[in-house]
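Okay, structure first, notes after.
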Amino acid sequence: MSHLSRRGFLKALGVGAGALVGTRLPGAGLFGVAHAATPEPTSVVCIYLNGGINAIFTGADAFTNTAFGVTANNVLALGGGVVVDNAIGNAIPQGVRQRVATVGIRHGISDHGNAQRSFFASGAQSAPLVLADAIGGTGAIKAAVVGGNGLPGGGAPAPVNGISLQPITDMRATIEAVAGATPAANVVDRDGAAKGLVAAEAMSKGTVARHGQSLASVNQGLTAAIATLQKPVQPFNTQEFNTAYGLTGTAVNSFASRMAAAELMVRTGTGFVIAQDAGWDSHGDTGGTSVRNMFTQRIAPGLRTFLTRMVDGAAAQQRNVIVAIFGDFHRSLPGSDHQSNGAALVIGKNIRSGTTGKTDARVSLPAGTPGIAGLWQLLGAAAKVSTNPFGANPHTALVG
């Protein structure tokens with residue numbers, strides 16, 4: 001059986017280029033283990049529609065026979081007042097339809113860049129990394145962006161307590177090094193590679209200290225690689241995995257592959273994962289045809305597979321996975337332009353069916369609907385973190 005060299009392993013994981021970062025190892029020594037700050041393995045998976053999310057995916061009943069092509073025949077009532085277009089409703093397995101909520105977000109922002117940056121900020125810190133830090137867990141990789149290199153509206157955020165965002169653009173290295181693919185063309189000499197990385201980290205300590213900012217990716221990458229090699233190999237059937245998501249390789253270059261990569265990261269203990277999809281700035285789509293087709297063709301297949309495997313049935317007994325689907329803002333009437341509010345569809349076993357800040361026929365939300373902070377407060381509450389870093393959840397009716 002062939003083995004990857006230490007140099008080859010590093011190259012595959014991207015150490016030195018910031019491609020494998022996101023590990024926190026608290027405690028007295030380098031080999032300390034991060035203990036979970038949640039009562040069970042927990043992951044928050046955000047699906048972000050770059051450009052905006054039409055309100056038919058979060059509150060379609062507001063437009064029945066009046067706008068966006070909504071009729072009584074193309075919507076699905078999920079319970080608790082949650083009514084969504086069939087394009088997304090049909091992607092939600094029957095077993096989790098009673099665990100879906102819509103969260104109103106009255107952020108007052110109508111330009112893409114500001115909305116995207118604001119959605120992922122918590123004061124001066126990165127909201128995803130703050131949440132990943134609060135979730136904790138034993139995974140070597142705490143936060144990941146699948147199929148991209150950064151968050152919407154900007155590049156990789158500054159680390160939070162040593163946790164950084166790891167880009168996953170090809171699953172091969174993760175499958176072989178973290179999950180232990182069976183069969184695998186190459187198997188890492190884990191013990192030897194770990195010793196080599198520890199030596200490399202020790203030798204570079206002085207240089208990294210003098211150039212902390214420019215060499216941050218090297219420092220974080222080495223730490224994450226060492227932690228990865230120290231984790232037990234997990235059996236993983238690559239063929240079954242690819243068949244489930246309809247994939248032919250390991251590159252993360254489609255939405256289905258992003259959902260596959262999200263499952264891979266969830267299974268290896270990552271606390272926060274974001275998958276993005278572009279092309280949702282749907283000006284002129286007054287009948288909702290364009291967004292329906294995009295969701296049905298691009299998003300629904302991978303989303304349905306992920307929810308079935310990670311949230312539905314027996315999967316919910318193994319871990320707490322929360323999925324949040326949102327975008328820059330809602331699309332306005334009459335021209336499907338920019339509305340200065342939005343909503344997120346949130347799915348998970350600790351989510352109660354219901355809606356807060358229900359969208360009306362003008363695509364407006366009631367005064368007093370919480371803003372962006374309220375979404376993160378809800379996600380922290382649904383994740384059952386020991387201390388919610390975002391503050392008290394204003395959407396208390398939606399979390400069980």
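The values are calculated or read from the model by the stated rules, or taken from the named source; none is laboratory data. Please read these numbers as outputs of a predicted model, since none were measured by experiment. A quick note on method: Cβ atoms are made from the backbone with ideal geometry, for glycine too, and the neighbour counts reach across all protein chains shown.
The single condition among (1) in a helix (DSSP H, G or I); (2) surrounded by 17 or more Cβ atoms within 10 Å (Cβ to Cβ); (3) over 18 Å from the mean Cα position of the chain (by Cα) that T308 does not meet is (3). Every listed requirement among (1) at positive phi; (2) surrounded by fewer than 19 Cβ atoms within 10 Å (Cβ to Cβ) is met by Q318 save one, (1).
Considered as a group, the residues in region 327-345 that are among the small types (G, A, S) and not in a strand (DSSP E or B) include one that is farthest from A315 (Cα to Cα), and that residue is G335. Kindly evaluate N65 against the criterion of being free of Cβ contacts under 8 Å to residues at least 24 places away in the same chain, surrounded by fewer than 24 Cβ atoms within 10 Å (Cβ to Cβ), in a loop (DSSP other than H, G, I, E, B) and more than 23 Å from the chain's Cα centre (by Cα). The answer is yes for N65. With respect to G400, is the statement that it is over 30 Å from H283 (Cβ atoms) and surrounded by fewer than 17 Cβ atoms within 10 Å (Cβ to Cβ) true? Answer is yes for this residue. Evaluating G269 against the criteria (1) buried (at least 21 other Cβ atoms within 10 Å of the Cβ); (2) modelled with pLDDT of 95 or more leaves one unmet condition, (2). Output the residues belonging to region 68-86 that are touching a Leu at 6+ places or on another chain (Cβ under 9 Å), farther than 16 Å from V363 by Cβ and surrounded by 22 or more Cβ atoms within 10 Å (Cβ to Cβ). Residue satisfying the conditions is V82 alone. Taken over region 105-133, the criterion of being under 16 Å from Q377 (Cβ atoms), over 18 Å from the mean Cα position of the chain (by Cα) and not in a strand (DSSP E or B) is satisfied by R106, H107, G123.
Taking every residue in region 339-353 that is at pLDDT below 95 and pairing it with any residue that is assigned to a strand (DSSP E or B) and of a type outside the set (F, W, Y), at least 6 positions away or on another chain, yields no pair with a Cβ-Cβ distance below 6 Å. Scanning region 134-177 for residues that are surrounded by fewer than 19 Cβ atoms within 10 Å (Cβ to Cβ) and in a helix (DSSP H, G or I) yields one hit, R172. For region 208-236, taking the residues that are outside any helix (DSSP H, G or I) and under 23 Å from the mean Cα position of the chain (by Cα), the one that is modelled with the highest pLDDT is identified as F236.
Could you run through region 77-104 and say how many residues are in a helix (DSSP H, G or I) and out of contact with any Gly (no Cβ under 7 Å at 6 or more places or on another chain)?
Qualifying residue count, region 77-104: 6.
Contact map, region 268-283: first residue part of a loop (DSSP other than H, G, I, E, B), second residue among the charged types (D, E, K, R), Cβ cut-off under 7 Å, separation 6 or more or different chains; pairs are T270/K142; G271/K142; S282/R331; H283/D337. When region 346-400 is filtered for residues that are in a loop (DSSP other than H, G, I, E, B), over 20 Å from the mean Cα position of the chain (by Cα) and aliphatic (A, V, I, L, M), the ones remaining, listed by number, are A361, V363, L365, A367, A392.
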